[in-house]
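Worksheet for the structure shown next.
The values are calculated or read from the model by the stated rules, or taken from the named source; none is laboratory data. It should be emphasised that the depicted structure is a prediction, and the values quoted were computed from it without experimental measurement. Using ideal geometry, Cβ is built from the backbone for each residue, glycine included, and neighbour counts are taken over all protein chains shown.
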Amino acid sequence: MMSSRIILCADIGTSSLKAAFIDTDGHPHGFTREAYGPGPVRAADWERALALALGVLFSQARHCTPDAICISGNGPTLVPLTHEGETLAPLHWYQGPLGSTAPQKDGSPGVRSFFLPHVQRFIRECPGDYEKTRYLFSAQEWLSWRLGADPVTALPASYEPYYWDDAQCESLGLDRLKFPPFVGLGTVIGRLSPDAVRRLSSLAGGLPEERFPVGIPIIAGGADFIMALIGTGAVEPGMVCDRAGTSEGINLCAEANVPRLPGELRVLPHVSPGLRNVSVIIPSSGRLFEWYRTLTGQEQRLYDDTLAELIPEGVLRPDLLFFPENNPILIGRPGLFNRVELGQAVLLSLGFTVRTAIDTLDRNGFPVAELRLSGGQGKSRRWNQLKADLTGLPLLAPELRDGELGGDAVLGAVALGEAADLKEGIARVVHIQERYIPRAAALYGERFQAYREQQKRIGAAFHEVL
């Protein structure tokens, strides 16, 4: 019988940190989400959130002692660290533009890096801080470094141009030495230090330090969307990860020979060497549902209670159609409507937006047979079933619904020698727990076509006004 060891898995999100104890057979032993609190998010907030998360996990899983640590995080966020060891305010991913592959006026290649435009903004706004910066860390590498890791950057296969390279740094006049050296995902990059254990215990108001042993390995985790691909097992051609939270990404694993595609599709290397990740980004998704909850005064209500009110048994038949693009528009019968009718229209819009993304992939030669779920939205059985109905596709829900944490656990299993490679790690850690099969496909298909036709009419009218 194979052994099963415990990985402390953590993922740095935009507004909160998720953490879990996950064993190398893929089973969770405690989970928590720690919000950072009001105000601008500082790097120290991530460390404090991790400390608080550990306090919760140790109380939830009294028998667990972690054998390793793996941290993933959002990006492209960078954290400046000065030569004196001072951590400056993070350059958050949402504070500036992404890179562009468009050529420059002189014919030279555009900036492909997602990170370097943030550094350019940093130089413009804080030139003195840039000069005294020793390293620019990704979020998860900064927190790993605080725990005892070496200063490194975990690089997925073939992603160097999308992080930084000598040519881009030289063309932008950036000091390449300010960027930590690359290591592969899953590399052991250090050991938990005694100072880190004491600091975490102090931040948490006391931790059982004997259950958090000094010297356990720290493993290099990657960017959140890469880790979600691993954590859902979407690593073979044709597999699709639906990573849904505040925003949503439909990520399809494709063969290497991807033709030139329209701008609505993003093509990047895949975590599987030699393959490509073709994706459609839906920026509103969960944010739209939060808008509805706030508008109707349900911010403090449990999600499942809100969804239970909105999703009846059987087929959803809202009289209203909701279009969030530009200025939100409601179309349907005249007269007043209640919060249930509005909420159902919002859910219909969310599901049909995902279906539109799937149609975009199909239209460009990437048919989708099923979706593998990752993210907070995937924890609701009611929403999962309705989403399957609205998209017309089966939904596969892994036991570890937070794909980033599942990806951390896979890398931990490989680093600890519990799996030989990524493929074997996925086979051991990633287990499909539930399948949601679409119902009333013909009815929802007709409803979707009506939705799309109305959407096109609204778009045409909007452009005429402009």
Review point. Among all residue pairs at least 6 apart or on different chains, which show Cβ distances below 9 Å where the first residue, located in the range 432-461, is touching a residue at least 60 places away in the same chain (Cβ under 8 Å) and outside any helix (DSSP H, G or I) and the second is polar (S, T, N, Q) and surrounded by 15 or more Cβ atoms within 10 Å (Cβ to Cβ)?
Key: Arg439/Gln385
Point to revise | Qualifying residue in the range 358-371 (condition: within 19 Å of Ser247 (Cα to Cα), touching a Gly at 6+ places or on another chain (Cβ under 9 Å), at pLDDT 95 or above and surrounded by 20 or more Cβ atoms within 10 Å (Cβ to Cβ)) | key: yes
Check your understanding: Hey, among Glu313, Glu341, which residue is outside any helix (DSSP H, G or I) and at pLDDT below 90?
Key -> Glu313
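Which one of these is crowded, with 16+ Cβ neighbours inside 10 Å and farther than 23 Å from Leu422 by Cα: Tyr130, Tyr162?
Tyr130
Results for (1) aromatic (Phe, Trp, Tyr); (2) within 20 Å of Ile12 (Cα to Cα); (3) touching a Ser or Thr at 6+ places or on another chain (Cβ under 8 Å); (4) in a helix (DSSP H, G or I), shown as yes or no for each residue.
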residue	(1), (2), (3), (4)
Pro213	no, no, yes, no
Glu236	no, no, yes, no
Cys241	no, yes, yes, no
Gly249	no, yes, yes, no
Leu252	no, no, yes, no
Pro262	no, no, no, no
Val271	no, yes, no, no
Gly286	no, yes, yes, yes
Point to revise | Test set (1) surrounded by fewer than 23 Cβ atoms within 10 Å (Cβ to Cβ); (2) in contact with a strand residue (DSSP E or B) (Cβ under 8 Å, 6 or more places away or on another chain) - Asn251 fails condition number | key: (1)
Exercise for review: Might you check whether a residue that is charged (D, E, K, R), at pLDDT 95 or above and more than 20 Å from Ile7 (Cα to Cα) occurs anywhere in the range 254-266?
Suggested key: no
Exercise for review: Looking only at the range 287-302, decide whether some residue is within 22 Å of Gly376 (Cα to Cα), touching a residue at least 60 places away in the same chain (Cβ under 8 Å) and surrounded by 12 or more Cβ atoms within 10 Å (Cβ to Cβ).
Suggested key: yes
Point to revise | Matching residues in the range 152-197 - criterion: being of a type outside the set (S, T, N, Q), in contact (Cβ under 8 Å) with a residue 60 or more places away in the chain, within 30 Å of Gly215 (Cα to Cα) and part of a loop (DSSP other than H, G, I, E, B) | key: Val152, Pro156, Ala157, Leu185, Gly186, Leu192
